[in-house]
Amino acid sequence: MDKVRDLASQRAAVIFTRSSCYMCHTVKALFYELGASPAIHELDRNANGKEMEWALREQMGCNPAVPAVFIGGKFVGSAKDIISLHVDGSLKQMLIDARAIWF
């Protein structure tokens with residue numbers, strides 16, 4: 001859990017993903033479209049990935065565990081949460097407030 005929190009706080013926007021996950025790809029593409037360059041941590045390519053995925057699912061309540069999005073060091077949610085925030089217009093403002101994008 002400490003590793004997840006440490007990585008999540010290192011950049012304004014952080015996404016924990018799996019390389020084969022289509023929803024992870026969708027969320028990453030959305031962030032890039034909005035002008036953000038999030039830190040991407042692909043758990044299936046990380047030596048501690050299984051432990052981090054367990055921490056996301058069991059200790060943070062991410063279900064599914066990926067994608068797990070952090071903005072400004074705070075857990076925001078998974079794909080459905082991010083898409084909902086984008087649709088209602090608040091995702092962009094969250095990224096601006098965290099200084100992940102500038103306008």
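Some points to look at:
- Isolated cysteines in the chain, defined as those with no second cysteine Cβ under 4.7 Å, comprise 62.
- Relative contact order (%) - the chain, alpha-carbon pairs under 8 angstrom, separation at least six: 33 percent
- The candidates 26, 17, arranged from most to least accessible area with a 1.4 Å probe in the full protein assembly, appear as 26, 17.
- Sulfur and carbon atoms: percent of accessible area, the chain [1.4 Å]: 49 percent
- With all protein chains in place and ligands, DNA and RNA left out, the 1.4 Å accessible area ranks 45, 11 as 45, 11, largest first.
- Considering only beta bridges that DSSP places wholly inside the chain, some 65 percent are antiparallel.
- Kirkwood hydrodynamic radius (C-alpha pairs) into Stokes-Einstein, the chain, 10 °C and 1.306 mPa s, D in µm²/s: 119 µm²/s
- Put simply, the amide H of residue 76, placed in the peptide plane, has neighbours under 5 Å in 69, 70, 71, leaving out anything fewer than 5 places away on its chain.
- Restraint check, 28/80; 3/80; 3/92, Cα-Cα greater than 22 Å: 3/80; 3/92
- Across region 33-40, rounded Karplus estimates of 3J(HN,Hα) from the backbone phi angles (6.51 cos²θ - 1.76 cosθ + 1.60, θ = phi - 60°) give 4, 7, x, 8, 10, x, 6, 10 Hz, Gly and Pro being marked x.
- The chain - accessible surface per residue (Å², probe 1.4 Å): 57 Å²
The values are calculated or read from the model by the stated rules, or taken from the named source; none is laboratory data. The structure presented is a predicted model; accordingly, all values stated were derived computationally and were not measured. Ideal geometry is used to build each Cβ from the backbone, glycine not excepted, and the neighbour counts take in all protein chains shown. Surface accessibility is based on the protein's heavy atoms, side chains included, excluding ligands, DNA and RNA. Shrake-Rupley method; radii C 1.70, N 1.55, O 1.52, S 1.80 Å.
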